[in-house]
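Participant: I'd like to ask some things about the structure below.
The values are calculated or read from the model by the stated rules, or taken from the named source; none is laboratory data. What you see is a predicted model; the values in this text were computed from it and never measured. Ideal geometry is used to build each Cβ from the backbone, glycine not excepted, and the neighbour counts take in all protein chains shown. What goes into the accessible areas is simple: the full protein's heavy atoms, side chains included, and nothing from ligands, DNA or RNA. Shrake-Rupley method; radii C 1.70, N 1.55, O 1.52, S 1.80 Å.
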Amino acid sequence: MRPSFAWRIWQVTGRSLSKRYDRALHTPTLARARVLQAILRHTQGSHFASQHGLHSGLRPADFAERVPIMDAAALALATTAIRAGAKNVLFGSPTERLVPTSGSTGPAKLIPMCAASRREYAQAVTLWGADLLRCAPGIRQGRAYIATSPALDSPYNDAAVPVGYAEDEAYLGPIERRILGSLIVVPTTVAQLRGAAWRETVRQRLFDATDLSLLSLWHPGYLAALFDANECAQLAGRWSKLKVISCWADGACRTAAEQLCARFPGARLHAKGLWLTEGVVTIPWRGHHPLALLNGYHEFEDESGTAVPFESLQKGARYRVLLTNFAGLYRYRLGDLVEVTDYLHATPCLRWVGRADSVADLCGEKLSEAQIERAFARAGITGDAHLVPVRDTQPPAYQLVTSDSTPDIAALEAALQDNPHYRWARQLGQLGPITHCHRKTDATPSSVHPHRKSSRLVP
């Protein structure tokens, strides 16, 4: 199938959903209520629904009253039961797998996946594709690279359900899955490779893809981890059909996204918005990033933790997001801080500002204070020690600052790789190895603030 025809099919199949989303943007309160009702129907027959008295007739206010805010610890209790073989823990349908996140607020979290949550995510992908084709129809003249990561071994080999990342096709609708092979330059089977084999295969496929029209990444530093500056310059000549670069472009990713696009002046930036393993918060749509009304039920807290009614969100104000969706997250506090930038019709548009808690994030790894504290303990690092992000190196890396002259750096690296996104970034070369700075106990390097001495992380 020719790529132009495959893109055309994708565009046609997304029309109905695009119209539904456009209507929802005019009546977001009604759209949110309908999504919540559908999610509550999905909970029926589950232990969670029985515990909290949930049914589809609940009003949003009743739902907020009955369901406490879910944190990482509460989610871990549920997923531990699922791993042990418990059925219908969070929803009334089978759990297909558990998908790991970076675990930025503790150990790597596991997010349940079921048929309904896959369909929910596929809707966001379809809308993303529809907006791409609307703003850059030229992508129909070529193929796409949709970034993947190398296969990683799961530490949960005895789990009752698979633990790990699903293949990309799992997040697409049935028609999109059928045409995917005609659109992508790197087959999805490459994601089954590991380490150097994965890296060299992806590099070669990309270098040979002279018809590339869409480059879809997550972190904008991904490409620089695969190719050096000279190779990127060669790619700019080979990718003459490149029309769009889709990647994160908010918060700490903004500068890297601008630098990436500067390498390919013929391509425009299509900022992804806020997509997480847990779910989708915003999507790119008609030049804005409105709330993903069809992809979960979103609530908001101000920076003090006070609940803010959806209708009372203020332009320029910042909020934390609570997410309820088909993956079994119920009023789950994401820990991400967003700012209302404007409105598209009656729906707020949001910009990701950063993490609301103490998290370092050089290229999507999201290392938290809690993770670093645990890693230090495993590596036997005690006393006055800090981990400092170093952004002005290529690739960026972390520096361990200690009063100990011989810390076990290898053990620290191994412990930090419990975070799968840190492990990916190291394998990809997006992050360099940890370096060590030895200092005397009474000395304070310029990169460490004295009033933060009790912290293991110096953002």
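Participant: Please get the size of the charge dipole for the chain, origin at its Cα centre, with Cβ charges of +1 on Lys and Arg and -1 on Asp and Glu, quoted in debye to the nearest 20.
Facilitator: 1460 debye
Participant: Using a 1.4 Å probe over the heavy atoms of the protein chains, calculate the carbon and sulfur portion of the accessible area of region 275-415 as a whole percent.
Facilitator: Numbers: 2360 of 4870 Å².
Percent of accessible area from carbon and sulfur atoms in region 275-415: 49.
Participant: Tabulate in residue order the Karplus-calculated ³J(HN,Hα) for region 243-248, using 6.51 cos²θ - 1.76 cosθ + 1.60 with θ = phi - 60°, rounded to whole Hz; enter x for Gly and Pro.
Facilitator: My calculation for region 243-248 gives 10, 9, 10, 10, 6, 5 Hz in order.
Participant: If the cut-off is a Cα-Cα distance under 18 Å, which aspartates and glutamates reach K315, setting aside same-chain residues fewer than 8 apart in sequence?
Facilitator: Within the straight-line cut-off, K315 pairs with D250, E299, E301, D302, E303, D336, E339, D342.
Participant: Can you bin region 46-198 into rounded, prolate or oblate? Criterion: square roots of the alpha carbon gyration tensor eigenvalues sorted a ≥ b ≥ c, rounded for a/c under 1.5, prolate for a/b above b/c, oblate for the rest.
Facilitator: Working: a/c = 2.43, a/b = 1.46, b/c = 1.67.
Taking the square roots of the gyration eigenvalues as a ≥ b ≥ c, region 46-198 is oblate.
Participant: Skip the ligands, DNA and RNA, and give the accessible area per residue of the chain with a 1.4 Å probe, whole Å². Don't skip to the end; give the middle numbers.
Facilitator: Values: 19420 Å² over 459 residues.
Counting only protein heavy atoms, the per-residue value for the chain is 42 Å².
Participant: Of V185, Y222, Y171, whose Cα points farthest to the positive end of the dipole of region 155-258 (charges on the beta-carbon: +1 Lys, Arg; -1 Asp, Glu; origin at the Cα centre)?
Facilitator: Projecting each Cα onto the dipole axis, the largest value belongs to V185.
Participant: Would you rank R199, R391 by solvent-accessible area, highest first, keeping every protein chain in place and using a 1.4 Å probe?
Facilitator: Working: R199 60, R391 145 Å².
My answer, sorted largest first, is R391, R199.
Participant: Okay, moving on. How would you rank 230-238, 333-341, highest first, on the average number of other Cβ atoms within 10 Å across their residues?
Facilitator: 333-341, 230-238
Participant: Then there's this: Just checking my list [x] 22.4; [y] 23.2; [z] 23.9 against Kirkwood radius over Cα pairs in Å computed from this structure; which label fits?
Facilitator: [y]
Participant: With every protein chain left in place and a probe of 1.4 Å, what is the accessible surface of H345, to the nearest 10 Å²?
Facilitator: Rounded to the nearest 10, that gives 100 Å².
Participant: Using heavy-atom solvent-accessible surface (probe 1.4 Å) with all chains present, what is the largest-first order of T324, T13? Walk me through the numbers on the way to the answer.
Facilitator: Values: T324 0, T13 50 Å².
Final ranking, largest accessible area leading: T13, T324.
Participant: Say the cut-off is 27 Å between C-alpha atoms; which of K19/K243; K241/K366; K272/K366; K109/K243 go over it?
Facilitator: Working: K19/K243 25 Å; K241/K366 34 Å; K272/K366 18 Å; K109/K243 36 Å.
Over 27 Å apart, Cα to Cα: K241/K366; K109/K243.
Participant: Mean residue ellipticity at 222 nm from the helices of the chain, using -39,500 (n - 2.57) per DSSP H segment of n ≥ 4 over the full residue count, to the nearest 500 deg cm²/dmol? Intermediate results must be reported in sequence, preceding the final value.
Facilitator: Values: 15 runs with 162 residues, N = 459.
My calculation for the chain gives -10500 deg cm²/dmol from helical runs alone.
Participant: Could you tell me the center-to-center distance, by alpha carbons, between region 261-328 and region 14-57 in angstrom?
Facilitator: So the separation of the two Cα centres works out to 17 Å.
Participant: Let me ask something else about it. Quick one: grab Rg to one decimal and Dmax as a whole number for region 211-255, Cα atoms only, in Å.
Facilitator: 11.1, 31
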